[in-house]
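These notes are about the structure you will find just below.
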Amino acid sequence: MNLPHPPTAPERPAQSSTQEHPVVKWLLIGLAGLFAALFLLLPLINIFAQAFSSGLAGYWNTLKDQNTVAAIRLTLLVAVISVPLNVVFGVAAAWAIAKFEFRGKAVLLTFIDLPFSVSPVVAGLMFVLLFGANGLLGHWLEAHGMTIIFAVPGIVLATMFVTFPFVARELIPIMQDQGREQEEAALTLGASGWQTFWHVSLPSVKWGLFYGVILCNARAMGEYGAVSVVSSKIAGKTGTLPLCVQKLYDDFSHPAAPFALATLLALLALLTLGIKTYLEWKSRREQEPL
Amino acid sequence: MRRDHTRSSQANPLPGFGITLGFTVLYLSVLVLIPIAVLSLKALSLSWPQLWHLATNARALAAYRLSLGASFAAALLNAAFGSLLAWVLVRYRFPGRRLLDGLVDFPFALPTAVAGLTLASLFSDNGWLGRFLVPIGIQGQSSRLGVVLALTFVGLPFSVRTLQPLLENLDKGVEEASAILGAGRLRTFVSVIAPTLLPAVLTGFGLAFARGLGEYGSIVFISGNLPFHTEIAPTLVVMRLESGGFDYTGAIGVALVLLIFSFTLLFTLNWLQGWSSKFQRP
């Protein structure tokens, strides 16, 4: 913009050459807006409209049904176990990958991405092959009175698999950008390894970490494919919220019921997006004075 | 480019390398690598003709064809509309821009089962969109079109979010230079801007395509899951698993093919991203 122009060239290129004609501009905005309204906003509104189509009482009856309550509890339980484990993994992986040089780092990064590209259904099948009744460890587990597949541990494992990369993927680039000068300074000043980690490294990645956690959590609570393969869909026993949505949908008797459950998951999605927007705003504000 | 501090000093004084790397590798092996190895070994322990039949029978082939075709169509739609959205969000200021920007991530945050549920109802005979589309012959529910629609919905954030940072960092000086040299806006877009964006558009396309191949949750609701017609490969894996009782072999062949698709795509995407990052300015 402040490049010196040759004296013969016009002071500034004609408006029409560096910007689209206003008609084109508003046409593009209109098209994008229409697409988003029909394809993104309408599905969201539809969830709530269908959920309340049988009235407020019907909506409330679905939510307070004991199968629903059991599903909510199971969904929370699965998230409470799988998210913290993936956070510990994510922080450890980011520390090793971002702060140190070693051979095979690129391969390790590719492996961490694997769960993103493996179909959730295939992931579920892998755990069935390992722990199912006729799986590799099936007989051993049965002999020791343990069940993993068609039970809560299977759901947790499948969820951990599909949400595995979220925290690590979020943290690695941030930690790499920060280098390790601050940690080295802290260590020189006499801080211990743990002190350096808690007081120097962790605070500087806290927003990224938080963002990774909410994404991981949203996926953990909403996962369907992998979980449906390892769970037995018996009502109230091993069904998470998304599985119950499917069960109610197949049932046909209450067309509004699956949507009532879906509103809970849609609210979770909206909450996740809200927190994400807030975190982006917050981290931008903290970066500005620098 | 990130600053390379790590090579500057010879001895790294930071603690915890052994334990964090060890834990990372252990966790990765238990949760990801061993299960993948078990699936591959189970597949290879079958006799070759049996595996070949499981992986390439007519029903499986029809499922791959639909999975690949629908994912391709959805990725193409996303490349088009995703580029439009990214362009509009980065280049223009208009009321509702922030809302639009937030909405783009909605398919990513919404559980796919819910996405399938609401899309199926929108396009059904008396749904908000179906009541206009079905009479003119556009059947969005229980059809291949439905598969494409659901995959487009789930894949949309990938193409927008891949392109957006690149567009934001685009050097406007180049556009001005092009304008000064006498190019019209369309010419500048086609021969100056578009080639720079191409690697990111391709990466977004690849990510959406990969997402589409593995997707299951949203499809179950909208496609009707008819063998040879609207059954995608992941659905076939589930069907085989459920009909097989405790015999898992039926599901293994198709799952192995899907796994090979994933690996191929993952490596292609890694290469693509390396290529496209060369085009990004620091």
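The values are calculated or read from the model by the stated rules, or taken from the named source; none is laboratory data. No experiment lies behind these values; they were computed from the predicted model shown. Don't worry about glycine lacking a Cβ; one is built from the backbone with ideal geometry, like all the others, and counts go over all protein chains shown.
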Those helices (runs of 4 or more DSSP H) completely within the stretch B:159-232 that have 2 or more residues that are more than 11 Å from chain A (Cβ to nearest Cβ) and of a type in the set (Ser, Thr, Tyr) are B:194-214
Taking first residues from the stretch B:25-41 that are at the interface with another protein chain (Cβ under 8 Å from one of its Cβ atoms) and second residues anywhere that are surrounded by fewer than 17 Cβ atoms within 10 Å (Cβ to Cβ) and not in a helix (DSSP H, G or I), the pairs with Cβ under 8 Å that are 6 or more apart or on different chains are B:Val38/A:Leu136
### Message
Taking the criterion of being more than 8 Å from every other protein chain (Cβ to nearest Cβ) and within 20 Å of A:Pro84 (Cα to Cα), would at least one residue in the stretch A:175-192 satisfy it?
### Response
yes
Log entry, pairs with first residue in the stretch B:53-68 being among the aromatic types (Phe, Trp, Tyr), second being in a helix (DSSP H, G or I), beta carbons closer than 8 Å, six or more apart or on different chains, reads B:Tyr64/B:Ala233; B:Tyr64/B:Val257
B:Gly130: passes all of (1) surrounded by 17 or more Cβ atoms within 10 Å (Cβ to Cβ); (2) touching a residue at least 24 places away in the same chain (Cβ under 8 Å); (3) in contact with a helix residue (DSSP H, G or I) (Cβ under 8 Å, 6 or more places away or on another chain) but (2)
Out of (1) within 26 Å of the chain's Cα centre (by Cα); (2) within 11 Å of chain B (Cβ to nearest Cβ), the one A:Gly154 does not meet is (2)
Across (1) assigned to a loop (DSSP other than H, G, I, E, B); (2) among the polar types (S, T, N, Q); (3) buried (at least 24 other Cβ atoms within 10 Å of the Cβ), A:Ser253 clears everything bar (3)
Among B:Ala75, B:Ala62, the single one that is aliphatic (A, V, I, L, M) and surrounded by 22 or more Cβ atoms within 10 Å (Cβ to Cβ) is B:Ala75
If we keep only residues of the stretch A:209-225 that are within 8 Å of the chain's Cα centre (by Cα) and of a type outside the set (A, V, I, L, M, F, W, C), then the residue surrounded by the fewest Cβ atoms within 10 Å (Cβ to Cβ) is A:Asn217
Contact list, first residue from the stretch A:85-109 and without any contact (Cβ under 8 Å) to a residue 12 or more places away in the chain, second anywhere and outside any helix (DSSP H, G or I) and hydrophobic (A, V, I, L, M, F, W, C), beta-carbon distance below 8 Å, six or more apart or interchain, is A:Ala96/A:Phe102; A:Phe100/B:Leu14
Counting only residues in the stretch B:258-279 that are in contact with a helix residue (DSSP H, G or I) (Cβ under 6 Å, 6 or more places away or on another chain) and at pLDDT below 80, the one farthest from the other protein chains (Cβ to nearest Cβ) is identified as B:Phe279
Condition set surrounded by fewer than 12 Cβ atoms within 10 Å (Cβ to Cβ) and modelled with pLDDT under 50, scope the stretch A:9-40, selection farthest from the other protein chains (Cβ to nearest Cβ): answer is A:Glu11
Sole miss for A:Ser53 among (1) surrounded by fewer than 15 Cβ atoms within 10 Å (Cβ to Cβ); (2) part of a helix (DSSP H, G or I) is condition (2)
Within the stretch A:84-102, the residues that are surrounded by fewer than 23 Cβ atoms within 10 Å (Cβ to Cβ) and more than 9 Å from every other protein chain (Cβ to nearest Cβ) are A:Pro84, A:Val87
| task | Output yes when any residue across the stretch A:64-85 is over 23 Å from the mean Cα position of the chain (by Cα), outside any helix (DSSP H, G or I) and on the phi < 0 side of the Ramachandran plot, and no when none is. | result | yes
So, first residue free of Cβ contacts under 8 Å to residues at least 24 places away in the same chain in the stretch A:168-180, second residue assigned to a helix (DSSP H, G or I) and charged (D, E, K, R), Cβ within less than 9 Å, six or more apart or across chains; the pairs are A:Gly179/A:Lys99
A:Ala133 vs (1) crowded, with 16+ Cβ neighbours inside 10 Å; (2) touching a residue at least 12 places away in the same chain (Cβ under 8 Å); (3) not aromatic (Phe, Trp, Tyr): all pass except (1)
Residue within the stretch B:109-119 that is out of contact with any Asp or Glu (no Cβ under 7 Å at 6 or more places or on another chain), of a type outside the set (Lys, Arg) and more than 16 Å from A:Pro43 (Cβ to Cβ) present: no
Just one listed residue, out of B:Leu156, B:Leu241, is at the interface with another protein chain (Cβ under 10 Å from one of its Cβ atoms), surrounded by 18 or more Cβ atoms within 10 Å (Cβ to Cβ) and farther than 25 Å from B:Leu84 by Cα, and it is B:Leu241
Within the stretch B:121-137, the residues that are away from chain A (no Cβ under 13 Å) and either within 21 Å of the chain's Cα centre (by Cα) or of a type in the set (A, V, I, L, M, F, W, C) (or both) are B:Val134, B:Ile136
Subset of the stretch A:199-217, residues more than 14 Å from A:Gly90 (Cβ to Cβ) and within 12 Å of another protein chain (Cβ to nearest Cβ), comes to A:Val200
Filtering the stretch B:244-268 down to residues that are under 17 Å from the mean Cα position of the chain (by Cα) and either surrounded by 17 or more Cβ atoms within 10 Å (Cβ to Cβ) or not aromatic (Phe, Trp, Tyr) (or both) yields B:Leu258, B:Leu259, B:Ile260, B:Phe261, B:Ser262, B:Thr264, B:Leu265, B:Leu266, B:Thr268
- A:Ala168: closer than 19 Å to A:Ala93 by Cα and small (Gly, Ala, Ser), yes or no? yes
Restricted to the stretch B:54-100 and to residues being of a type in the set (Ser, Thr, Tyr), out of contact with any Ser or Thr (no Cβ under 8 Å at 6 or more places or on another chain) and within 13 Å of another protein chain (Cβ to nearest Cβ), the residue nearest to B:Thr152 (Cα to Cα) is B:Ser71
